[in-house]
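Below: the structure, in structure tokens.
We did not get these values from a lab; they are worked out from the coordinates using the rules stated. The structure displayed is predicted, hence computed values, not measured ones. Note: ideal-geometry Cβ built from the backbone for every residue, glycine included; neighbour counts use all protein chains shown.
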Amino acid sequence: MSSNLDSKLRYELPKEMKWKIGNVEIPNRFVLAPMAGVTDLAFRRLCKEQGAGLLCMEMISAKAISYKNKNTRALMEIDPVEHPISMQLFGSEPELMAEVAKEIEEEPFDILDINMGCPVPKVVNNGEGSPLLKNPELIVKIVKSISSAIQKPLTVKVRIGFENEPVDIVEMDAIRALTDADQIVVACGGGGIPVLSQDNHLKGASAVIEKDLAAGKLAELLEADMLVILTSVDNVCLDYGTENERPLSSMTVAEAKKYMEQGQFGEGDMQPKIQAAIDFIGDSAIRSVLITKLHVDGSQVTPGMGTMITK
Ligand SMILES: Cc1cc2nc3c(=O)[nH]c(=O)nc-3n(C[C@H](O)[C@H](O)[C@H](O)COP(=O)(O)O)c2cc1C
């Protein structure tokens, strides 16, 4: 029995649902994305039951397979009901990856995928996942060596780029003209809507731009002298949230870099604000950044408040 709500939510499905990757036929367009810690055998079975066309497994370390790691073997288990299914390897050494791909080709997966998008520090720090995107020559070596070692179709999953830093602001001319005309301009909300330039047009990108870095880029392009970042705390603190918490009233760029290296600032929290400050100030003796609390009562930012960062 279908309710009214069901019929409202139903998608308009494309008439021709079948598609192919190499010689592997996929019955519909619904692909379960690979998700480490999520798309295990049980989860994949459920998704298959609900009609997924292609199942992707969790990423598996090529190195761990070559070391015959037992836990890794468990990740490779496949149920016969799962076809078509894609297995994903991550790694950075073309020869080792090709050897492993050849060794595992007898396993019952249908497609082999290479992860070139993972942003997780533990993977990135080994030069695996997304950092490969910074090295096209290595990408070619990996793809060539694996594709010549196996018969099964090979795919590569990438992300838009390694960094999530904004490189430019498309509407800069309008923003500049309005600020020059003494208008208050609200721009780059939430980091802005990311677009990529393709041929002669801009294409919406399925990506997230870090909002503090977007604010820093905006200040840089406006040639501002000062960037004020309003947040939920009065000051930048060292040892934040511990007994030794110390608020800072000022900090130099060199100190900011040192504290960043020490891991003093929360990732996705204070760290991008400090990074925006470092990028914006650069070598300039004139530029400064104030990080302080947004006072919702409308009171002004006054001298002495917050943490002032200078060269
Ligand atoms: C918990 C989690 C684990 C993920 N693990 C992987 C992975 O192992 N391999 C991979 O290529 N992508 C991985 N991804 C990325 C997803 O496959 C997908 O590309 C990403 O979530 C963007 O799709 P969405 O906008 O639908 O979330 C993971 C994503 C999440 C949320």
Quiz prompt | Residues satisfying the stated conditions in the stretch 65-83, i.e. crowded, with 18+ Cβ neighbours inside 10 Å and under 19 Å from Ala101 (Cβ atoms) | solution = Ile65, Leu75
Quiz item: In the list Leu46, Leu41, which residue meets the criterion of being loosely packed, with under 14 Cβ neighbours inside 10 Å, farther than 25 Å from Ser147 by Cβ and among the aliphatic types (A, V, I, L, M)?
Solution: Leu46
Self-check item: Options Leu213, Leu221, Leu248: the member that is closer than 21 Å to Gly306 by Cα, of a type in the set (A, V, I, L, M) and more than 18 Å from the chain's Cα centre (by Cα)
Solution: Leu248
Practice problem: Select from the stretch 161-177 the residues that are surrounded by 15 or more Cβ atoms within 10 Å (Cβ to Cβ) and of a type in the set (A, V, I, L, M, F, W, C) and write down the one among them that is farthest from the chain's Cα centre (by Cα). | Solution: Ile175
Quiz item: Does Lys273 count as in contact (Cβ under 8 Å) with a residue 12 or more places away in the chain and touching an Asp or Glu at 6+ places or on another chain (Cβ under 6 Å)?
Solution: yes
Self-check item: In the stretch 118-150, the residues that are within 16 Å of the ligand (Cβ to nearest atom) and either within 24 Å of Gly266 (Cβ to Cβ) or exposed (fewer than 15 other Cβ atoms within 10 Å of the Cβ) (or both)
Solution: Cys118, Pro119, Val120, Pro121, Lys122, Val123, Val124, Asn126, Gly129, Ser130, Pro131
Exercise. For the stretch 108-125, enumerate the residues that are more than 26 Å from the chain's Cα centre (by Cα) and not aromatic (Phe, Trp, Tyr).
Key: Pro108, Asp110
Self-check item: Pairs where the first residue, in the stretch 163-184, is under 25 Å from Leu196 (Cβ atoms) and the second is assigned to a loop (DSSP other than H, G, I, E, B) and small (Gly, Ala, Ser), C-beta under 6 Å, 6+ apart
Solution: Ile175/Ala187
